[in-house]
Structures are given as structure tokens and as C-alpha cells.
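Just so it is clear, none of the values below were taken in a lab; they were calculated from the coordinates. Keep in mind it's a predicted model, so treat the numbers as computed, not measured.
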Amino acid sequence: MGYPTKVQLIKRATSEQWYINFPSAVAQAMEFLRGEVVEWFIEDKETLILRRPLAPQRQLKKNPAGRSSRKSKGSSPKVGQPAGKSGFGSGRGGSS
């Protein structure tokens, strides 16, 4: 599910500044910290990649006894590398 967000522009006498705010649900799910530094990468005109160099370590979920985890057959990007367009569904407004 996507979270539509408007891009905001503030024009000043000598400069302009662009803003994109995260919906609270996204920020909470990602466990962002106040003042955290992130990096933006431009994949193409439809895709921005946000990288968190100091993101908290991912916690593995424990499976209930007797259930095995299934791995997907697709390949995943290398650690620290932005994912390609295939990692983001079919583009604007599409579903994966």
C-alpha cells in the first residue's frame, strides 16, 4: 500500500526549499529517529531511493515451532547498494 504525499515548496527572497514529509505510519514502521541523516538517490524520473546509513539492525522474526521459513526465488541487491527498479513494483501507482 502506498502513502500519497504532496511535495511542498517554500520560496524565499534569495532561495527556495523543497519538502517531502513522511506520514506518521511510515516513520513509525521504519523506526526513524529524530535528527537521523538519510541519503537520497535518483533512480529515474519516477523513483527516488532513500538510504539510511545508520539504520538500526534488522531483527529477524522467530517462526512458531514446526513451521519453516520460505525463501523467495528472486535475487536481492547487495547490502548497502540501492535496489534496482524491480524492487519497487511496476512504477507509479502500480501494484507489485
Residue-span extension gain [Asp44 to Leu60] - 0.36 nm each, minus C-alpha spacing:
2.6 nm
Stokes-Einstein at 20 °C, 1.002 mPa s, Kirkwood radius from Cα pairs: D for the stretch 1-56 in µm² s⁻¹?
160
